[in-house]
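See below for the structure under consideration.
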Amino acid sequence: QVLLVESGGGLVQAGGSLRLSCAASGRTFSSKSMGWFRQAPGKEREFVSFVTWAGGTAYADSVKGRFTISRDNAKNTVYLQMNSLKPEDTAVYFCALFDSGSYYSARNYNYWGQGTQVTVSS
């Protein structure tokens, strides 16, 4: 069993930055890949970023070059540094524990946090 809790969301102006954190409890964290997803009102949950247990990373095209995912296994925490934020980044951001399959598909993650709201004003 894994518990994931996101934090760090808030209101920010376009061009600003936020750093999201995902604190995890459970014995499998250090050996599991993790992902960040986001969901805007009326839209499906979409892939944002992914980090393997060894630190390999992947990003959606929409955030590549602006967002950086990282993890600190000693702290059981995954981070998402978001720079140059745009209004279209507004969404609830979720972290999740990867299970198997394609990392960009939400259905392949088996534990999810409750999400943290990110709102970017124009």
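The values are calculated or read from the model by the stated rules, or taken from the named source; none is laboratory data. What you see is a predicted model; the values in this text were computed from it and never measured. Reconstructed Cβ throughout: ideal geometry from the backbone, glycine too, with neighbour counts over all protein chains shown. Keep in mind that these areas ignore ligands, DNA and RNA; they rest on the heavy atoms of the full protein, side chains included. Shrake-Rupley method; radii C 1.70, N 1.55, O 1.52, S 1.80 Å.
Taking strands (runs of 3 or more DSSP E) that do not extend beyond segment 19-62, which have at least 2 residues that are open to solvent by less than 30 Å² (accessible area, probe 1.4 Å) and at pLDDT 95 or above? Even if it seems obvious, please write down each step before you answer.
Numbers: elements: 34-39, 46-51, 57-59.
The qualifying strands (runs of 3 or more DSSP E) are 34-39, 46-51.
Being in contact (Cβ under 8 Å) with a residue 60 or more places away in the chain and assigned to a loop (DSSP other than H, G, I, E, B) is the filter; apply it to segment 82-93 and report the residue that is least open to solvent (accessible area, probe 1.4 Å).
L85
Conditions first: (1) in contact (Cβ under 8 Å) with a residue 24 or more places away in the chain; (2) surrounded by fewer than 16 Cβ atoms within 10 Å (Cβ to Cβ); (3) in contact with a Phe, Trp or Tyr (Cβ under 6 Å, 6 or more places away or on another chain). A96 passes all but one, so which condition is the exception?
(2)
Report the residue count in segment 101-122 for those that are among the polar types (S, T, N, Q) and either open to solvent by 70 Å² or more (accessible area, probe 1.4 Å) or closer than 13 Å to R45 by Cα (or both). Steps first, please.
Pass one, segment 101-122, residues among the polar types (S, T, N, Q): 102, 105, 108, 110, 114, 116-117, 119, 121-122.
In the following step, the residues that additionally are either open to solvent by 70 Å² or more (accessible area, probe 1.4 Å) or closer than 13 Å to R45 by Cα (or both) were identified as 105, 108, 110, 114, 117, 122.
Count: 6.
When segment 69-81 is examined, which residues are found to be without any contact (Cβ under 8 Å) to a residue 40 or more places away in the chain and buried (at least 17 other Cβ atoms within 10 Å of the Cβ)?
I69, R71
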